[in-house]
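No value in this document is a laboratory result; all are computed from the given coordinates. Bear in mind that the values here come from a model prediction, so they are computed numbers and not experimental data. Glycine also receives a Cβ, built like all others from the backbone with ideal geometry; neighbour counts cover every protein chain displayed.
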Amino acid sequence: QVSSLVAQPYTSYVANFSQSGTAAPVAVELQNTTGLSFTWSRNGTGVYDITPSSPYKSGKVWWMIAGRGGTSDLQVFGKYVGTTYSRFLNIDTTTGVAEDVINEGHVEIRIYP
């Protein structure tokens, strides 16, 4: 538990999530030291956004997102992080078609001063 004693140079949002059909992803927050709230939405088939309650500073955000869909060929990919939202996709890696099923997803968003 030494890492809990060391101050990090960033704040972070960490969550697990799932999604099905035309619903927005459902997130289970594991940690949020950012002071922001995050809204998850479905933007189209296999296209999803995570929107912070206040814009990020340009060039001060790092994020990692991963996950799997209903089958082993469905994978979650990060597409874009800007100042007002982060976008990710759920794609069938064999056909390239976007799909609306995420069984297990994980995200960490780090915000630097």
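General observations
Conditions tested, residue by residue: (1) touching a Leu at 6+ places or on another chain (Cβ under 9 Å); (2) crowded, with 18+ Cβ neighbours inside 10 Å; (3) of a type outside the set (Gly, Ala, Ser).
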| residue | (1), (2), (3) |
| --- | --- |
| 6 | no, no, yes |
| 15 | yes, yes, no |
| 18 | no, no, no |
| 47 | yes, no, yes |
| 54 | yes, no, no |
| 68 | yes, no, yes |
| 91 | yes, yes, yes |
| 96 | no, no, no |
| 111 | yes, yes, yes |
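- Whenever a residue of the stretch 14-30 is more than 14 Å from residue 74 (Cβ to Cβ), it has no partner that is aromatic (Phe, Trp, Tyr) and not in a strand (DSSP E or B) lying with C-beta atoms less than 8 angstrom away and at least six residues away or across chains.
- Restricting the stretch 68-98 to residues that are small (Gly, Ala, Ser) and touching a Phe, Trp or Tyr at 6+ places or on another chain (Cβ under 9 Å) leaves a set whose member that is nearest to residue 57 (Cα to Cα) is 82.
- Scope the stretch 56-66; condition surrounded by 12 or more Cβ atoms within 10 Å (Cβ to Cβ) and under 13 Å from the mean Cα position of the chain (by Cα); matching residues: 61, 62, 63, 65, 66
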